[in-house]
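**Q** Below you will find the structure I want to go over with you.
Nothing in this text is a laboratory measurement; each read-out follows from the coordinates by a stated rule. What you are looking at is a predicted structure, and each value in this text was computed from that prediction instead of being measured. Methodologically, a virtual Cβ is constructed for each residue, glycine included, from the backbone with ideal geometry; neighbour enumeration extends over all protein chains shown.
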Amino acid sequence: MTAYVELAVTSNFSFLQGASHPEELVKTAAELGHGAACIADRNSVAGVVRAHVAAKQAHIKLVVGVRLVLSGGFETLCFPQNRTAYGQLCKLLSTGNLRAAKGVCELHMADLRNLSAGHIFVAMPPYEFRDDFSGNVQWLADAFPGQTYLAVTRLYRGNDESRLEGLFDLAARLNIPLVASNDVHYHTPSRRPLQDVITCIRHHCTIFNAGFLLNANAERYLKSPTEMARLFKGYDAVVGRSGEIATQCRFSLDELAYEYPDEPSGNSATPQAELERLTWLGAKRRFPGGCDEKLKQTIKHELALIEQMNYAPYFLTVDDIVRHARSLGILCQGRGSAANSAVCYCLGITSVDPTQIDLLFERFVSAERDEPPDIDVDFEHERREEVIQYIYTKYGRHRAGIAATVITYRSRSAVREVGKAMGLSLDMVSAMSGSVWGRSSAKFNADQVRELGLDPTDPTLAQTLKLVRQLMGFPRHLSQHVGGFIITRGPLDHVIPIANAAMPGRTFIEWDKNDLDALGILKIDVLSLGMLTCIRKAFGLIERHYGKSYDLATVPKEAPRVYDMICKADTVGVFQIESRAQMSMLPRLRPRTFYDLVIEVALVRPGPIQGDMVHPYLKRRQGLEKVDFPSEALRDVLGKTLGIPLFQEQAMKIAIVAAGFTPGEADQLRRAMATFKRTGQIGDFRERFLKGMQGNGYAPDFAERCFKQIEGFSDYGFPESHAASFALLAYVSSWLKCCYPDAFACALLNAQPMGFYSASSIIRDFRDHGGQVLPVDVNSSTWDHTLEPLKDGAHALRLGFRQVKGIHKADSTSLLAARAGGFDSIRDLYFRSHLPAPTLERLARADAFGSLGMDRRDALWAVQGLGAASGARSSLEDLPLYANALLQGNEDLQREQEIALPTMPLGEHVIEDYATLKLSIKAHPVSLVRDRLDARRFLCASALSHQASGKMVSIAGLVLVRQRPGTASGVIFATLEDETGIANVIIWPKVFEANRKTVLTARFLGVTGMLQIEQSVVHVIARELTDLSDQLAQLGDLPAPGQKVAGVTSALPKGRNFQ
Amino acid sequence: MALVTLVSGGTRIMAINTDAARSGIMVDQSLADARAICPTLNVQDHDPAGDLRDLEKLACWCIRYSPWVATDAPDGIIIDITGASHLMGGEDKLAEDLRHRLAGFGLKARIGIAKTMGAAWAVSHFGAAPVSIVKDGDTTTALARLPIAALRVWTDTSDRLGQVGLKNIGALIGKPRAPLAARYGEALIHRLDQALGHRDESLAAIAPPPDYRTSSAFPEPLLLQEQIQECLIDLAAPMARLLEEKGYGARGFSLSIYRVDGDVRTFFVRTSALTHRADIMVRLIGEKLAAMADDYDPGCGFELVVLNAHDTEIITARQQELDHRPGMGERSAFDMLIDRYGNRLGFENVGRFVPYESHIPERSERLISVTDAQTTPNWPEFTRHLQQGHMSGRPIALLPRPEQIAAIAEVPDGAPVLFDWRRVSHRVVKAEGPERIAPEWWGRRSQEVEPTRDYFRIEDMDGYRFWIFRLGLYERLEKPSWYMHGLFP
């Protein structure tokens, strides 16, 4: 039988055109016995790597192609026969992408002339021939003689015979061969409904009025060679030719043997020698006393492995980027599989001391798996762009590019789009996509549908749900990855097409990080981290105000008072261990060493929580449970974590040691996990894992928990080396908070927005620790928050203009430029700074004229009198005569009648502070209503810990955060703040449902419930909830009758909501 | 219940009812937030244009109280009741009557009556009671207690005044005006003066849509049916002139005849297109009058005949034919035929076939009422489109329902070589196909979706041509059967 190959295969990477994943198409082609599998998406190769991987698994050859769709509507398949031809094709697509907007590729017939190295073209005839089609085919045949074919299809259109004849005529006339195809858009006919629906989504219509936009039948699926032979009976050559074409296309993605750029080897002969030189140099710097023998061995071992794998240039690249960042004073910290090696420590890529934590290099760079090393580097979030620009400058935009992220349909978007296409009302669609179903992993079941008041037996609804399930995980569009760079030796666009990103001036490549991984292409993640900004700023402040200089590696290690502070959960603002969940864990875990912190960071994460590993670990650590190991084999794996698997590597190791996976299979499992969220499929791994473990004599319950934990890692894979990098930042930030609270608070505020806490909470925490905070003032503040020395050697924190709502950096700059010896009046400020009146009004509202002896209201009245009513600088004053007169203090011209203004009560001041600064240092709003709260027996937050656990208590406070962690099955955690501190409230789902409105909308919340104190962790389990927002609304003047009070409370924090 | 609109960044709440407000929903919230608070929220699309239309309608209705009515978008109506309230028995009675009637429409109103428009607006929007009546001498006192926002100034202005502690209108009354004007604009002073009555404010009264009506009264009652017919002709001509002058056309007319004893009979006719032509009115209404002949009962005679035009709209006059004959072209003649059938049989009973985009043959055309068919269908273009550009043809008429036939054909997708239809055997000499048409799967249960059809164009030995199909595919094990669906000429 003839080897048939379906050449025209459109996958779902032709967005909203193809209705099957590349993997499905390849797998089906293999099952049907095709000679090869093929993918040819519309002006894109975004799906080919997935197909490539699937083809390897299915043991079938993959023909890489593209369906070129030209601006005139002419469509032709194009198959590169070799590496050069592939490079030219990529270049062509890049050209088309870069001349058009994001997501569009604009190609013209003439562009094809740039393809010269051996491509095969298969012209795709439209259903309706027009004269220009034969003209275009002729052009193609003339330009590429012997390489041009014409596709014939039998799609059951009723005129297949006559159409076939027409094509035969055309082929004969132009003397080009025909090749049979089925113009495949899905792998099985059952995907027709989905294809119809994505057609509707593409055309923004509903299935009911789509009419002829839809295909008449479901024939464009992958057919078997026998079926194709039958369809084209009598034209056997036409069918067989497809196989011949596939044979001629010898290009494989494996040939993209990664061409890593040559790094200059500096003073050495080879990159390896240079890396070794730099490493030993670094070792001397890191360990001035000389490093011990064990460490020397480690370094030697790692270097040998790097040499064996030929990764030296990669390490040099990372080293170069990091060194450059450091020369600009940008703080950075490596993480990722290879980052926390001794070599990286010596090079300065990481500051995690390898003697402090024992990580095996093999875990990251494994010779047998031939997996590229992965180094992610976090940079200060405000300055990452400088690093990116450096990479572009060093390698050139033609050699460096950012990886793509494939944005896929999640439940919400799939429901919305499918629902619209299925003609469901806006209301029904939003009900379905609403908060009830939440995140994408949720499956829709009949009960949930009924809960929404919808009828699950309604056929349209049932179909919608079915199609939504199919569409979920489909690629929707490509977007740029947060910071994954790939760098090539030759031009990048010969390896992969480049496309425009939404951000102007940004481009990205068509493959995502899994694709790059699969092809073994090295990438460097240049990420941004707010805490690094904060730490660098804190180091700067310490140097300026205390004359001591530190960096990440020189901060004193293992300081007991830092751990004392951490154990008390006194960690507001500290990296990672500041969240409510982390804070409630700290007093129980009581970390005393760096490695304890590593565990703390890894413990409170979806993986261990989902795997129910947290409590067993805690019990063992507290000595309440014996530390034992499920088997001797696992003692090695789990020794450091008291027999409980906490890290991703451990889970993978368990798969190998306990469930009998090969390292390769464990790796596949890890990859399947990475895509689990996208596809919702875990294959048969689960069963194999559980059976394997049970077969080796492990308890089914333990096996189940291990696998659950692996599933949890799919969301946030968290290996030990990541935990170590994060723990270092957690330690350094804790050290800063402990030793230099003023510098830390100031730096943290200057790095906002970041982290878990608002500026208000940070300031409050600082003042609780005895810090002094000074108000924003036109004569003292700068843009950033600053430190002002106090008599006792400590420093007060002066709020900066950045905290004032509506003030921009440029405003602050002009003000500072004019300030010199200070301003003596508002008028002085107005004329010297040239700031517009509305800006001054904003400063006045923020009460920033205190040094001029004016309170908020007086300043406002004065400022409002400056400008015209419109707020613009009045033209009168711009007249030279008047300006002169005003400057000379000739006040007569402007003297106006006085109006007595009522004094502003403290409550109103506080509310205005919140409205303009999002915080108040005058008073806490709750303190102003404390007597009323006392009357109603509400306790202060600080009083809670003195009460007996199990007692019913009432507390009231501003709602800072409401959280509903995915791991807590609907439980809501709310954080309340009053003038004495913070109280944590737990709201069970039942109580929440009964008090939905109060919980979600109250800004000032009263809670009555049971007090729960466990190892100094204090919670109130809510039973009754009261919205007290009205109480605060009255802080201002009493509102006039009928006046809405919403305006007053809206100044208060809304409380960050889960959503 | 909430009304929403799609803005950049998601769906936002534009308006809510009291139930929604009680559940904590707020205007300008995102729908997602609102749903989190109240999952059972009923949501409809916001239609500001429709609101405005309805507000205008309601304003027109208010003309019953005074001719001077204006809309105050988005949700207010201003009525100048100067000199009109005594007709209702005083201001209290008027307000009570208005509130009562509006409640009858399901509308909850807040009513303010005051000496000035500004004061009335202020008390209606910010007064404590749903009905606030400010006596002439009390304007200043009443206003003084209200917030600045009651002055109809920008929120920004009232906010800025609030920040310096000037929160009530009272805080502004009697204060030096220059500093206030310099800071908050002349508009503030202007509004204050208007509310206090120091400055006039005019009202832009709405004009109700024109009412087209001609009538003849007869001191000597009409008795003969022919006289009414003549009267109709006499009324139609001025009606046509009236409409034409204003550039309006009507979709319906009614003739009401008032008998001396108070009995009224009304004859309604409709037209399928806007018209202002007297001859059409006369013919259509005349036919109705004639049809009445059997139960014509003049009693003591008719004293009043009134001709009304309904559903009037601006008509874009079609250009007259070049030869100046009145536009009696083919199309117009056809329209008139339709109108006559429609008025005689009921428009819902006169239908027209229009194309419908469906691959399923019997669903590819639809019969709709002529009044719904606004444009002439382009059948040739549709047919071309139907077959993706190739004109292989379909029967002009299909059988009322496909008839099952017995056929012998090659498996799996060959054309039949022999078939029996209505007990006659046909041997096939030519066949073209198959044209495979898959069922419409949407909106029905999977077991209700019928199998795929393969259509063939067939010619038998005698030269007769048929359109037959096989229902079901062999490869899907669907036990195919054959059907005759249509005949070619």
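**Q** From other protein chains only, count the Cβ atoms within 10 Å of every residue's Cβ in B:405-413, then give the mean. Write out the running numbers ahead of the final one.
**A** Details: counts 0, 0, 0, 0, 0, 0, 0, 2, 4.
Partner Cβ neighbours, averaged per residue: 1.
**Q** Can you give me the long-range amide H partners of residue B:409? Hydrogens built in the peptide plane at 1.01 Å from N, cutoff under 5 Å, separation of 5 or more residues or another chain.
**A** B:417
**Q** Let me ask something else about it. In whole Hz, with x marking every Gly and Pro, tabulate ³J(HN,Hα) for the range A:1002-1009 from phi via Karplus 6.51 cos²θ - 1.76 cosθ + 1.60, θ = phi - 60°.
**A** Listing the rounded values in order: 5, 9, 10, 10, x, 10, 10, x Hz.
**Q** Additional query: So for A:79, B:466, fewest C-beta neighbours within 10 Å to most, what's the order? Please list the in-between numbers first.
**A** Working: A:79 26, B:466 22.
Ascending number of Cβ neighbours within 10 Å: B:466, A:79.
**Q** Where in the range A:1003-1034 is the amide nitrogen less than 13 Å from a point lying 7 Å along the Cα-to-Cβ axis of residue A:990?
**A** Answer for this model: A:1022-1024.
**Q** With Kirkwood's inverse mean 1/r over C-alpha pairs for Rh, give me the Rg to Rh ratio of the range A:139-186, two decimals please.
**A** We get a ratio of 1.02 for the range A:139-186.
**Q** Just want to confirm a number: the relative contact order over chain A, from Cα pairs under 8 angstrom separated by 6+ residues, in percent.
**A** Details: 1840 pairs, mean separation 82.0, N = 1059.
Reported as a whole number, the value is 8 percent.
**Q** Arrange the following residues from fewest to most other Cβ atoms within 10 Å of their Cβ: B:63, A:357. If you can, show how the numbers build up before the last one.
**A** Numbers: B:63 15, A:357 19.
Ordered by Cβ neighbours within 10 Å, fewest first: B:63, A:357.
**Q** Assuming R0 = 22 Å, what is the FRET efficiency of residue B:225 and residue B:283, from their Cβ-Cβ distance, to the nearest 0.05? Each step should come with its number before you reach the end.
**A** Numbers: r = 16 Å, r/R0 = 0.73.
Working from the Cβ atoms, E equals 0.85.
**Q** Suppose every Lys and Arg Cβ carries +1 and every Asp and Glu Cβ carries -1, with no other charges. What dipole size does the range A:229-309 come out with about its Cα centre, to the nearest 20 debye?
**A** Values: 11 positive and 13 negative charges, 51 e Å.
My answer is approximately 240 debye.
**Q** Give me A:930, A:399 sorted ascending by neighbouring Cβ count inside 10 Å, so fewest comes first.
**A** Details: A:930 16, A:399 20.
Ranked by crowding around the Cβ, least crowded first: A:930, A:399.
**Q** Let me ask another. How long are the three semi-axes of the equivalent ellipsoid of the range B:46-164, in whole Å, if each is the root of 5 times an eigenvalue of the C-alpha gyration tensor, listed from largest down?
**A** Working: eigenvalues 120, 80, 28 Å².
Its equivalent ellipsoid spans semi-axes of 25, 20, 12 Å.
**Q** Same structure, new question: Using helices alone, I'd like the mean residue ellipticity at 222 nm for chain B: each DSSP H run of four-plus residues gives -39500 (n - 2.57), total over residue count, nearest 500.
**A** Details: 13 runs with 144 residues, N = 489.
For chain B, the value works out to -9000 deg cm²/dmol.
**Q** Is there a simple number for the mean count of other chain Cβ atoms within 10 Å of the Cβ of residues in B:161-170, and what is it?
**A** Details: counts 1, 6, 13, 14, 11, 4, 7, 3, 1, 1.
Taking the mean over all residues of the peptide, I get 6.
**Q** Give, in nm to one decimal, the length gained when the segment between residue B:217 and residue B:474 is fully stretched (0.36 nm per residue of separation minus the Cα-Cα distance). Show your work: numbers first, answer last.
**A** On the way: separation 257, 0.36 × 257 = 92.52 nm, distance 7.95 nm.
Here the segment from residue B:217 to residue B:474 would lengthen by 84.6 nm.
**Q** Give me the orientation-averaged projected area of the Cα convex hull of the range A:456-541, in nm², one decimal.
**A** On the way: hull surface 43.8 nm².
For the range A:456-541, averaging the hull's shadow over all directions gives 11.0 nm².
**Q** Let me ask something else. Got a sec? Charge dipole of the protein assembly as shown, +1 on Cβ for Lys and Arg, -1 for Asp and Glu; which of B:337, A:398, A:672 is way out at the positive end?
**A** The residue sitting farthest along the positive end of the dipole is A:672.
**Q** Treat every Asp and Glu Cβ in the protein assembly as shown as -1 and every Lys and Arg Cβ as +1, leave all other atoms uncharged, and give the resulting dipole magnitude about the Cα centre to the nearest 20 debye. Intermediate results must be reported in sequence, preceding the final value.
**A** On the way: 174 positive and 183 negative charges, 645 e Å.
Computed about the Cα centre, the dipole is about 3100 debye.
**Q** Rounded to the nearest 500, what is chain A's calculated 222 nm mean residue ellipticity when only DSSP H runs of at least 4 contribute -39500 (n - 2.57) each, over all residues? Write down the numbers at each step before the final one.
**A** Values: 45 runs with 458 residues, N = 1059.
Computed mean residue ellipticity for chain A: -13000 deg cm²/dmol.
**Q** Cα centroid distance between the range A:646-660 and the range A:181-253, in Å?
**A** 43 Å
**Q** At q = 0.05, 0.08, 0.09 Å⁻¹, what log₁₀ I(q)/I(0) does the protein assembly as shown have when each alpha carbon counts as one equal point scatterer in the Debye sum?
**A** At q = 0.05, 0.08, 0.09 Å⁻¹ the computed log10 ratios are -0.61, -1.31, -1.42.
**Q** Cα gyration tensor of the range A:313-354, axes a ≥ b ≥ c as square roots of the eigenvalues: rounded (a/c below 1.5), prolate (a/b > b/c) or oblate? Can you show the working numbers first?
**A** On the way: a/c = 2.00, a/b = 1.34, b/c = 1.49.
Judged from the Cα gyration tensor, the range A:313-354 comes out oblate (a/c at least 1.5, b/c at or above a/b).
**Q** Name the residues whose placed amide hydrogens come within less than 5 Å of the amide hydrogen of residue A:477, ignoring near sequence neighbours (fewer than 5 apart) on the same chain.
**A** A:407
**Q** While we're looking at this one, here's another question. Please give the helix B:278-291 orientation as an angle from the longest Cα principal axis of chain B, in degrees from 0 to 90, rounded to the nearest 10.
**A** 70 degrees
**Q** Want the number for residue A:71 to residue A:825: 0.36 nm per residue separation, take away the alpha-carbon distance, what's left? Working shown, then result.
**A** On the way: separation 754, 0.36 × 754 = 271.44 nm, distance 6.59 nm.
Computed gain between residue A:71 and residue A:825 is 264.8 nm.
**Q** Could you name the lysines whose alpha carbon sits less than 22 Å from that of residue A:568, not counting residues in the same chain fewer than 8 places away?
**A** Candidates past the 8-residue exclusion: A:557, A:619, A:737.
**Q** Same structure, new question: Given H placed on each backbone N at 1.01 Å, which residues far from residue A:718 in sequence or on other chains put an amide H within less than 5 Å of it?
**A** Amide H neighbours of residue A:718, under 5 Å, 5+ apart: A:648.
**Q** Which peptide among A:405-417, A:281-293 comes first, and what is the full order, when sorted by highest mean count of other Cβ atoms within 10 Å?
**A** Values: A:405-417: 20.5, A:281-293: 12.8.
Ranking, from highest mean packing down: A:405-417, A:281-293.
**Q** Still on this model: Give me the compactness ratio for chain B, meaning the Cα radius of gyration over 2.2 N^0.38 Å. Write out the running numbers ahead of the final one.
**A** Details: Rg = 34.8 Å, N = 489, 2.2 N^0.38 = 23.1 Å.
Relative to the 2.2 N^0.38 Å estimate, chain B comes out at 1.50.
**Q** For the charge dipole of the range A:920-1020, defined by +1 on Lys and Arg C-beta atoms and -1 on Asp and Glu C-beta atoms about the Cα centroid, which residue among A:991, A:938, A:925 has the Cα displaced farthest towards the positive pole?
**A** Towards the positive end, the residue furthest out is A:991.
**Q** Ok, one more. Suppose R0 equals 25 Å. What FRET efficiency, 1/(1 + (r/R0)^6) with r the Cβ-Cβ distance, do residue A:805 and residue A:900 give to the nearest 0.05?
**A** Details: r = 29 Å, r/R0 = 1.14.
Taking R0 as 25 Å, the efficiency between residue A:805 and residue A:900 is 0.30.
**Q** Follow-up question, since we're still on this one. Take every residue in peptide B:115-128, count the Cβ atoms of other chains within 10 Å of its Cβ, and give the average of those counts. Mind dumping the intermediate values first?
**A** Working: counts 0, 0, 0, 0, 0, 0, 0, 1, 1, 0, 1, 5, 2, 3.
Shielding by partners across B:115-128 averages 1.
**Q** Angle between the Cα long axis of helix A:580-589 and the longest principal axis of chain A, 0 to 90 degrees, nearest 10?
**A** Its long axis makes an angle of about 80 degrees.
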